[in-house]
Each structure stands twice: as C-alpha cells, then as structure tokens.
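Peer 1: One structure is given below, represented as structure tokens, and several questions about it will come after.
Computed from the coordinates by the stated procedures, all read-outs in this text should not be read as laboratory data. Please read these numbers as outputs of a predicted model, since none were measured by experiment. Here Cβ is always computed from backbone atoms with ideal geometry, including for glycine, and neighbour counts include all displayed protein chains.
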C-alpha cells in the first residue's frame, strides 16, 4: 500500500494540535551532552586487574560500556600544563602553558569557550589548587557558565560531586551541556582514610592552641586573639610532618609572615613562623595552614589505592545521577588523567619532576552516546599510541562541531601515527625536561645538564637502560627539536608561577 505524503503531514498536524508542538512527530531529538572526568594522578595500572590493585567497580563498568585505550599519554607531569593540553588540544610549548598557576593567553582557545560560543551550556569544577591562576578570569576556568576552582588544598571527590551534580540537575534539558570535572584525590600527599592517626601540636607564643591530625590532611583554620606586637606560630610533632603553608589574616587581609625553624614543603618535626599585629587593642587573627604526615613508600602505595577507590565511588555517584535524570544514554562520558603519579619509580613519589612513563601513561575511556556510529572507529585505535591532545579534536568531530583553533591533536576517528611530546619546567622541575616518544623509542632531554637519555620502550618498559650512546642516531632529528623547544621556554622568573606540588 502506498502512503501518500499529505496523509503523514495531516497526522503530524493532528498530533501537534492534541499534544502540543513538543510532542509532534517531528520533535527534535533530545540534546546530546558531554561529560569529561579528569582524575589527576590516576595511573593506568591502578585500573588493571592485578594482585593488590584498588577495587574500581564503577570505572570498570564505564570502561566496559565504552572504548578503553591502552596506550594514552599526557604531555606534562605538572598539573596545569597537563590539563591545559586536554582542554586546548595543544602541547605546552604550543599553548605556552608551561607551569602551574600561570595565566592562559587570550588567543589560546579552551574547549569550554569553543562549545559555549556554539551554544552549549558549560560547567566546570576543579579540585586541584595547581590549576588556579594568579590572574582572575585568565586561567583554565575561563569560559564556563558556572564553575568552581578550589583555592588551596584538594577537596575530596565527594565534595566535588556536591558541586557538579546540582549544576547538571539545574541545566536546561533542551540545550546540550559540557561538564568538566577534575578530581585530585590520588595525588600526593595521600590521605590515610582513617588507617593512621599521626598528629602535631600548634602553639602560639609558646601556648598550645590546638592539636591537628596530619594523616588525613585538610585545611586547618583557627581564630585567635593576640595583643599588639610580634607573635610566633609553631608546629611540633613526635613524628615527621610537612608544613606546606601557613597564612595569617587580619580582617581578611593577609599579614606578612617570616620563617623561623623549618622550611615549607620539607620534612621536619618542628616548624615556626612569625607575624606582627600592631594597634591600640588586641587583634583578631585567622590562621590557616596545611600540614601532612610523611608515610613511607609502602604506606604511600596503600594510601594511593584508598584514594583511587574513593574516586571510583564518586564516579559511581556521578554516573548514577545521570541515570536518575535520564541523561546517561545521551551523554558521552570521558574518563582521562591529565597526568599519572610515580609510586617509587626512579626514586620518585608524586608528580611534577620527571617525564617517566609512570607519570605520562594515563587511562583514557570514551563511552559514546547510545548508538553512536563513532564507537566502531574509536575501537580501531584502542591499542595505538594516542595522546591527551587528541581528545578535544575527537570529541568535537563526534558532536559535529568545528575544530579548535590551532589544535595540534588529531581526531581518533582518523588513523595516523601520533608522536608524543611532553615537557616540564621550573619550578615544578629543577630544570626544563622535554621528551619525544613513539611506539619504539623515547628520547628525554634535561636542559640543565644538556643531557640526553634514550629508551627502547617496547622492550624496556621501566626505562632502566639508557641506550642513547648506542642508538641515539636513530632519532637524531628529535635531538635538535628538543633542544630548540628548551631554548624557547622562558625561565621560571619570566612566568606567572603558582605553588609547587
């Protein structure tokens, strides 16, 4: 039987008259959304089944619903440059975002700015203080309709959820949204989650005013009243601890503090600093500090697993919120780490000083929207070397949006060899370190020593055997390229520099 077009049109008009225009046969599909979950410090091996690995059922479920890439690499071991690479599709040398805390030039387009200009709603919550710019409105948070960047120590993932979930629940469901969520739990210093109870005493002018826990660190705050004059704040402990910062405020205005015993960021059992408060009457002073203990390597590794499990629980809660709101199937969810974390490799703990694969090889999972035709093409790349800078170009192509201006990354919907370029600079590292990597070789250049190292990363996955003297000529062009990039990098005092992790 032949159906005449005018009958279809008449039926559609009748439906619109009864149910309203939104329920017509020609109503547009619900908008498609994009959620990027960036977990600072998340190692790929933390998500692989192994004895002693953390339990990550929610991440495993997400990986099973999407494409799990086995060989993804970041572009810096410093948090802001690594995160900027994700949101710009550009390496640190290209975007000029080389150190934590710096401003981002206005001619560098961020993914959220690009999508906002295309009519998307944009939401962002950043858990790491390292991404906070010293120049308001000029940092990685630029371009969000609603955002939150934590000013100091990293809050737990559950607190991040408390901010991003309400944003998504209040979003206009008739307009696509992009949300960027950064968790920072699995980065040093690692919380013990109640498995340790080390403490330190806080004294003001020799009198104890508090005793604080250092094994599950958070921002410590205390209001005191002092007479006019100079005053000393001390931290004392029976076990090693580290004071990352101590600030004193009067009426919200920061006071100058002068170091006494100990050095911020260094292990100690006694630390002191002083401030002056003058006036005709006593002053109300707000003290703020961040202090943590110093677990050994075995305990640090155990705590790292607990931190990963806490993030996994938060990811489960976030995905459950999308399911409750009926948004899961029409939301593309990406799980990625801008950088990973060293857990004793090459004698290092944490991130920000080297470019070993322990801090550069990161997980990447892309769960496309239900019935998205991109899934099959993405699956072809799951065992290829891919890069964090490839993510933004990939997502924009999946959603049919224009490319990011000046992006260096290549969409994963297309084949081609991808060369990984990574770098870290002072003050995050003692001197500039740059690296190039393909499937076979990795070349690392330390500018301060004018020294190259080369590893056959196919056979020497732990990067223990430096073969530069014997095989460096196989990548001779890389040597000139890395030297040139190092020469063009500014010195630390030429950049706007934030806190060092």
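Peer 1: Using all C-alpha to C-alpha distances in segment 264-322, build P(r) with 5 Å bins and read off the rounded percent in each one.
Peer 2: 4, 11, 13, 11, 12, 11, 11, 9, 7, 6, 3, 0
Peer 1: Below 8 Å between Cα atoms, with a sequence gap of 6+, how large is the relative contact order for segment 98-224 in percent?
Peer 2: Here the relative contact order equals 23 percent.
Peer 1: Using a Förster distance of 60 angstrom, determine the FRET efficiency expected from the C-beta separation of residue 225 and residue 298, and round it to 0.05.
Peer 2: The value I calculate is 0.85.
Peer 1: Taking Cα pairs under 8 Å and at least six residues apart, what relative contact order does the chain come out at, in percent?
Peer 2: So the answer I get is 21 percent.
Peer 1: Then there is this: Please say if segment 433-494 is rounded, prolate or oblate, where rounded means a/c under 1.5 for a ≥ b ≥ c the square roots of the C-alpha gyration tensor eigenvalues, and otherwise the choice is prolate for a/b larger than b/c and oblate otherwise?
Peer 2: Prolate.
Peer 1: Here's another thing I want to ask about it. Across 10 Å bins from the origin, how do the percents of Cα pairs in segment 146-219 run, short distances first?
Peer 2: 15, 34, 25, 17, 7, 2, 0
Peer 1: Using only Cα atoms, locate the centre of segment 431-471 and the centre of segment 218-277, then give the distance between them in Å, rounded to an integer.
Peer 2: Each part reduced to its Cα centre gives a spacing of 42 Å.
Peer 1: Same structure, new question: Rounded to the nearest 5, what % of DSSP beta bridges with both residues in the chain are antiparallel?
Peer 2: Counting only bridges with both partners in the chain, antiparallel ones make up about 75 percent.
Peer 1: Classify segment 249-348 from the C-alpha gyration tensor, please: rounded if a/c falls under 1.5, else prolate or oblate depending on whether a/b exceeds b/c.
Peer 2: Since a/c reaches 1.5 but b/c is at least a/b, the shape of segment 249-348 is classed as oblate.
Peer 1: Can you tell me which of 370-382, 413-425, 457-469, 160-172 comes out highest on packing, and rank the rest after it, using the mean Cβ neighbours within 10 Å?
Peer 2: Descending mean neighbour count gives 413-425, 160-172, 370-382, 457-469.
Peer 1: Ranking request for peptides 193-202, 393-402: highest mean number of other beta-carbon atoms within 10 Å first, then the rest in descending order.
Peer 2: 393-402, 193-202
Peer 1: Sticking with this one: Label point 7 Å out from residue 458 along Cα-to-Cβ: which residues of segment 386-416 have amide N under 17 Å?
Peer 2: Only 386 pass the distance filter.
Peer 1: Would you mind computing, in nm to one decimal, how far apart the modelled labels at residue 138 and residue 50 are, each placed 7 Å from Cα along Cα→Cβ?
Peer 2: The two pseudo-label positions are separated by 4.2 nm.
Peer 1: Could you tell me the calculated FRET efficiency between residue 414 and residue 247, based on Cβ-Cβ distance and R0 = 45 angstrom, to the nearest 0.05?
Peer 2: 0.35
Peer 1: In addition: If packing is taken as the mean number of other Cβ atoms within 10 Å per residue, what is the order of 330-342, 220-232, 428-440, highest first?
Peer 2: Top of the packing list down: 330-342, 428-440, 220-232.
Peer 1: Kindly identify segment 199-293 as rounded, prolate or oblate by the Cα gyration tensor criterion: order the square roots of the eigenvalues as a ≥ b ≥ c, call it rounded if a/c is under 1.5, otherwise compare a/b with b/c, prolate if a/b is larger, else oblate.
Peer 2: Prolate shape, in that a/c is at least 1.5 and a/b is the bigger ratio.
Peer 1: Between residue 284 and residue 29, what's the calculated FRET efficiency when r is the beta-carbon distance and R0 is 45 Å? Round to 0.05.
Peer 2: That gives a FRET efficiency of 0.20.
Peer 1: Between segment 94-121 and segment 370-397, what's the alpha-carbon centroid distance in Å?
Peer 2: So the two Cα centres are separated by 22 Å.
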